[in-house]
Structures are given as C-alpha cells and as structure tokens.
Amino acid sequence: MRPTRLRWLPLLTLALVAGALAAFPAGAQPKGVPVKVGVLKLTSSTPIFVGVEKGFFREFGVEPELVYFQAAAPIATALAAGQLDVGATGLTAALYNIVLGGEKLWIVADKGREWPGYPLVAIVVQKELWDGGLRSIKDLKGKRIGVTQLGSTFHYHLGHILEKDGLHLSDVKIVPLQAMPATMEALKGKQVDAILVPQPFPGAAEAQGFGKIMAWAGDLYPWQIAAVFYSQKLAVDRERAVAFMKGYVKASRYYFDAALVQRDGRAAHGEHYDEVVGITAKYTGARPEIIKQGFPFQDRNGRLLVTDIERQMAWWTANGFMKKTLPLKSIVDTSFVEEAVKALDR
C-alpha cells in the first residue's frame, strides 16, 4: 500500500501550493512579520500611516501593528518593557532616563521637527483671553499653561520659547494634564489659560471657537521634536529592523513629496497631496480641512538632527530632569536609516 500512497504526495503538494496561491490574488502580497509600533493619532504620525496604508512596510516583509497612546512618555516605557518593537513619537525626558537607567533603546530616524513654516505644535490660548489682549509670549507670564506631562516635549519646548523672550519656566504655572484630549478640555473649561498641543488639535480648538492659535512653536524655536526608536530586541534582529526602516523611508519620501515639497522657496502640494490628507484623516479622525492647515516637517530620507539630541539632554540635565547626559553612541544609531536609504537608491 505504501507505494500507492506515495504516488499521491506530488498531487497533494501541488494542491497545497495552489491553495496558498489562491489565498493571495494576483498583485496581492502576503502579510509580513508582525512589528508592534507605538504611535499617537497626530498629523506628525502621517508617514507611519502612509506606510501602512500604501503597503510600503509589507513590501519589505514586515506588518506593523499600530498601538495607540495618549502621550509620548508611556510609549518609551512600553518599549523598554518589551510591549513594543518600535516607538514613533516625541523625544522626552522619560526616554533619556530609561536609557540612563540601564535599558537599551535606540533613536534611529526622524519623525518630525519643529521647523519654521511647517505647523506642528501651537500655543493655543483661550479665545476670551486672546480677545482681551493676550497676544505675545511675554503676556504668558503668570498664566496657567497646560501640557501633557512634566518632562514632555511640550515642557521642553515651552521652556525654550520662554527663555528666548527673557522669561523662565518659573514665570508660568505648568499644569500637567496627562493626555492631549484632556488639555483641550481644560482649555475649553477655562481651567488653564493656554496649552501646547500638536496638529490636529490647534485647528480643532479654533474651529470649535474656544481657542486661538497665538503662534506655531516651530517658528519660535526649531528642534528635533520626534523620532522613531527601536527596542533592543528589534535592533539586534538586523534584517527585520532594516526591513522596517526601508518601508519607513519609502513612506517618508512619499509624504515629503506630497505635502512638504517646495517650489521657488515656497511650500507647494505634490501629486499625492489629497491622498495623504485622506490617509491622515482616516487614522487621526480629524477633518480634512483642519489637516490642510499644514503638515509638520521631517527629512525626506528620515535622517535625524543628531546634534540636537545632545542639546536636549544638556537642557534636561541643567533643569534637573536628568542626572547626567548620555554619550550619543549609547542612544543613537543612524545605521538603520543609512542602510535603508542605500538599498532604496540602488
């Protein structure tokens, strides 16, 4: 009987192959290796959303599973705890302190800069206070300023903006509200006088009539506000880590060419602008007209402003949020993005 049964094996194998092929119609791609990515539902997360929606990550064999958070610092904590493979959010004191405490996390790519002419974070004041004359940074002296958390990107940003106008953090009352929707509710309920929030929240505050954008913070103080960072587990899995970065760089280029391209020194919309607006609206829940107020800047190839990370650590240390600064080589690894760029440009 055994010879008879063996004769069926080639037919069985063909049937299994045919079944597998049928599961992926012509032009479709099989799912890649899962990668858990911690993100916020913000306009600055658009390159990640584009990469998922357009299949750029899957093209290189990885399948991002988006895990949504309400603030940046918890993403760093979840990454250190092994709950995430990738973090894509703001650079906070918490991130630096986790590495200072002995954990291994790697800042690997750009995910957004505060940059002149590209709206990201805004200082939004109560509409009534704006109408009453609260129009400048110096007018914030003595006021209650809502941020997500102490040690957050907003805390850092506010400190530098105040310092440029001769003020200090001690000249305002910082109110930590934990999550961005909570800062909006606090401004609406007049529990704070102003807030720092990223798009699409500033546009929503104006559209709903309770807030007024005083200034886009990037026009006042440019810096590397957000990054992509890897867990140690992903970083040592070189093939998977580079594959994810290839998808990310391809998505970054698509985003840049659609929303950040300049012509004759002025911002202009690229061919896929409306598509990128639609993808952003889908993943953030914001209305397209609010998203069209502007997209934040980031490098087309996802390259970091590495020296700015050193400057951030120095400021956190000087203000008592870090015991000491870290050597850049212990927290930054640009080799993933450089390898991805080289591979895509072949």
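Of all residues in the stretch 151-163, how many are surrounded by fewer than 20 Cβ atoms within 10 Å (Cβ to Cβ) and without any contact (Cβ under 8 Å) to a residue 40 or more places away in the chain?
1
For Trp130, are the conditions met, namely being open to solvent by 20 Å² or more (accessible area, probe 1.4 Å), within 30 Å of Val242 (Cα to Cα) and modelled with pLDDT of 95 or more? Spell out the reasoning first.
Details: open to solvent by 20 Å² or more (accessible area, probe 1.4 Å): yes; within 30 Å of Val242 (Cα to Cα): no; modelled with pLDDT of 95 or more: yes.
So Trp130 does not fit the description; no.
Just to be sure I understand, how many residues within the stretch 164-181 are open to solvent by 20 Å² or more (accessible area, probe 1.4 Å) and either under 17 Å from Ile213 (Cα atoms) or without any contact (Cβ under 8 Å) to a residue 24 or more places away in the chain (or both)?
The total comes to 3.
In the stretch 45-75, how many residues are within 27 Å of Gly101 (Cβ to Cβ), out of contact with any strand residue (DSSP E or B) (no Cβ under 6 Å at 6 or more places or on another chain) and either touching a residue at least 40 places away in the same chain (Cβ under 8 Å) or of a type in the set (D, E, K, R) (or both)?
3
Check Glu271, Glu275 and return the single one that is modelled with pLDDT under 95 and under 27 Å from Gln199 (Cα atoms).
Answer to the check: Glu271.
Taking the stretch 182-192 only, how many residues are open to solvent by 20 Å² or more (accessible area, probe 1.4 Å) and either of a type in the set (Val, Ile, Thr) or in a loop (DSSP other than H, G, I, E, B) (or both)?
3
Can you give me the ranges of the helices (runs of 4 or more DSSP H) entirely in the stretch 239-346 with at least 1 residues that are surrounded by 14 or more Cβ atoms within 10 Å (Cβ to Cβ) and in contact with a Lys or Arg (Cβ under 8 Å, 6 or more places away or on another chain)?
273-284, 306-318, 335-344
Filter the stretch 201-214 down to the residues that are open to solvent by 10 Å² or more (accessible area, probe 1.4 Å) and not polar (S, T, N, Q) and list them by number. Even if it seems obvious, please write down each step before you answer.
Taking the stretch 201-214 first, the residues open to solvent by 10 Å² or more (accessible area, probe 1.4 Å) are 201, 204, 206-210, 212-214.
Hits for the stretch 201-214 are Phe201, Ala204, Glu206, Ala207, Gly209, Phe210, Lys212, Ile213, Met214.
Just to be sure before I move on: is Lys141 farther than 26 Å from His269 by Cβ, touching a Phe, Trp or Tyr at 6+ places or on another chain (Cβ under 8 Å), modelled with pLDDT of 95 or more and open to solvent by 30 Å² or more (accessible area, probe 1.4 Å) in the structure I sent?
So Lys141 fails the test.
The values are calculated or read from the model by the stated rules, or taken from the named source; none is laboratory data. Because the structure is a prediction, the values reported are computed rather than measured. Because the Cβ atoms are built from the backbone with ideal geometry, glycine has one as well, and the counts that use them run over all protein chains shown. For the accessible areas, the whole protein counts, side chains as well, though only heavy atoms, and no ligand, DNA or RNA atoms are used. Shrake-Rupley method; radii C 1.70, N 1.55, O 1.52, S 1.80 Å.
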